[in-house]
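Here is the structure we will look at, set down as structure tokens.
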Amino acid sequence: METYPPGARLAAGLVHTYTAIGSVLALLMVHYSYAGNVEAVLWLFLAAMVVDGTDGFLARYFRVKEVMPSFDGALLDNVIDYITYAFAPMVLLWANGFLPDGFFGGVCAALPLMASCYQFCRSDAKTDDHFFLGFPSYWNIVAFYVVVVGFGPTPTAVILLVFTVLVFVPVKYLYPSRTVTLWGLNMTLSVLWLGAFALITAQLPDPPSWLVVVSLGYPVYYTAVSLWLTASTAAKVRSSERRAVGA
């Protein structure tokens, strides 16, 4: 077994620590949600997305899987993503009146969490060709637009229920930092969208409508390309099957 120098092990440990910072961000998200400081929670959402969008690059650069094979970084990543992308956003919406009152509001918050439990435990949730299978539990982004647009409890409940169903629909969604097709464009648009997220959050409670509309261009693009790649992949599979039968 290859032995790595202390510096390499330290770097790998620091990368895992960087990922684990997400647990602290999630704790703060919950705290500020119940304090009614919605803007602070959105800034924490942004910080968590930056960490999540960069820790994979660092992990591959420092070869953490090879250097620390006894530590499951993928499991850590899933834990952090669940609490920052699913759990904390539902707390934000439920604690701040964006969901219906009473029992039904609790159900609306619980269903996305249950669906995300399924999503995060699927062995094929991240496909071999680097896509997410089913809606990838971007509940923080859903919550962001609920807050920014100012959706009431009923529309928010409908939105959550629709996306909960989409978790189980086998569409292949872009994994921006890993999907090979259009990688450069995907990453550029992702960074620009994060910038728009910051600008909108900084101008709450009244961000410019045009900026909100422009920012929605990226989710529309993301969905359209994901559907296109899903359809094209399925067509290639069918073509291969026909050729195999013909042979």
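The values are calculated or read from the model by the stated rules, or taken from the named source; none is laboratory data. Just so it is clear, the structure is predicted and the values come from calculations on it, not from any experiment. Neighbour counts run over all protein chains shown; Cβ positions are idealised from the backbone, glycine included.
Among the residues of region 30-46, which ones are aliphatic (A, V, I, L, M) and either outside any helix (DSSP H, G or I) or touching a Pro at 6+ places or on another chain (Cβ under 8 Å) (or both)? Walk me through how you get there before you give the answer.
Step one: filter region 30-46 for residues aliphatic (A, V, I, L, M), giving 30, 35, 38, 40-42, 44, 46.
Listed by number, the list holds a single entry, Ala35.
For region 57-115, which residues satisfy the criterion of being of a type in the set (Ser, Thr, Tyr) and in contact with an Asp or Glu (Cβ under 9 Å, 6 or more places away or on another chain)? First the steps, then the outcome.
If we filter region 57-115 for residues that are of a type in the set (Ser, Thr, Tyr), which is where we start, we get 61, 70, 82, 84-85.
Selection gives Thr84, Tyr85.
For region 155-202, which positions are among the β-branched types (Val, Ile, Thr) and either part of a helix (DSSP H, G or I) or touching a residue at least 60 places away in the same chain (Cβ under 8 Å) (or both)? Break it down into steps so the answer makes sense when it comes.
First pass over region 155-202, keeping only residues among the β-branched types (Val, Ile, Thr): 156, 158-159, 162, 164-165, 167, 169, 171, 179-181, 188, 191, 200-201.
Listed by number, the residues that qualify are Thr156, Val158, Ile159, Val162, Thr164, Val165, Thr188, Val191, Ile200, Thr201.
Which ones in region 91-122 are in contact with a Pro (Cβ under 6 Å, 6 or more places away or on another chain) and buried (at least 22 other Cβ atoms within 10 Å of the Cβ)? Spell out the reasoning first.
Going residue by residue through region 91-122, those that are in contact with a Pro (Cβ under 6 Å, 6 or more places away or on another chain) are 99-100.
Residue satisfying the conditions is Leu99 alone.
Identify, from the list Pro219, Pro207, the residue that is at negative phi, part of a loop (DSSP other than H, G, I, E, B), modelled with pLDDT of 95 or more and surrounded by 13 or more Cβ atoms within 10 Å (Cβ to Cβ). Quick ask: steps written out before the conclusion?
Details: Pro219 fails: part of a loop (DSSP other than H, G, I, E, B).
Unique residue meeting the criteria: Pro207.
I'm checking my understanding of the structure. Among residues of region 123-141 that are touching a residue at least 60 places away in the same chain (Cβ under 8 Å) and under 12 Å from the mean Cα position of the chain (by Cα), which one is surrounded by the most Cβ atoms within 10 Å (Cβ to Cβ)?
Asn140
Would a scan of region 37-45 turn up a residue that is without any contact (Cβ under 8 Å) to a residue 24 or more places away in the chain, within 25 Å of Ala157 (Cα to Cα) and surrounded by fewer than 21 Cβ atoms within 10 Å (Cβ to Cβ)?
Yes: region 37-45 contains one or more residues that are without any contact (Cβ under 8 Å) to a residue 24 or more places away in the chain, within 25 Å of Ala157 (Cα to Cα) and surrounded by fewer than 21 Cβ atoms within 10 Å (Cβ to Cβ).
Among all residue pairs at least 6 apart or on different chains, which show Cβ distances below 8 Å where the first residue, located in region 12-36, is free of Cβ contacts under 8 Å to residues at least 40 places away in the same chain and more than 28 Å from Phe57 (Cα to Cα) and the second is surrounded by fewer than 17 Cβ atoms within 10 Å (Cβ to Cβ) and among the aliphatic types (A, V, I, L, M)?
Tyr32/Ala40
With respect to the numbered conditions (1) buried (at least 16 other Cβ atoms within 10 Å of the Cβ); (2) aliphatic (A, V, I, L, M); (3) within 27 Å of Cys117 (Cβ to Cβ), which one is the sole condition not fulfilled by Leu227?
Result: Leu227 passes all but (1).
When Val191 is evaluated against the numbered criteria (1) crowded, with 17+ Cβ neighbours inside 10 Å; (2) more than 25 Å from Ala235 (Cα to Cα), which criterion, by number, is the only one it fails?
Of everything listed in (1) crowded, with 17+ Cβ neighbours inside 10 Å; (2) more than 25 Å from Ala235 (Cα to Cα), Val191 misses just condition (1).
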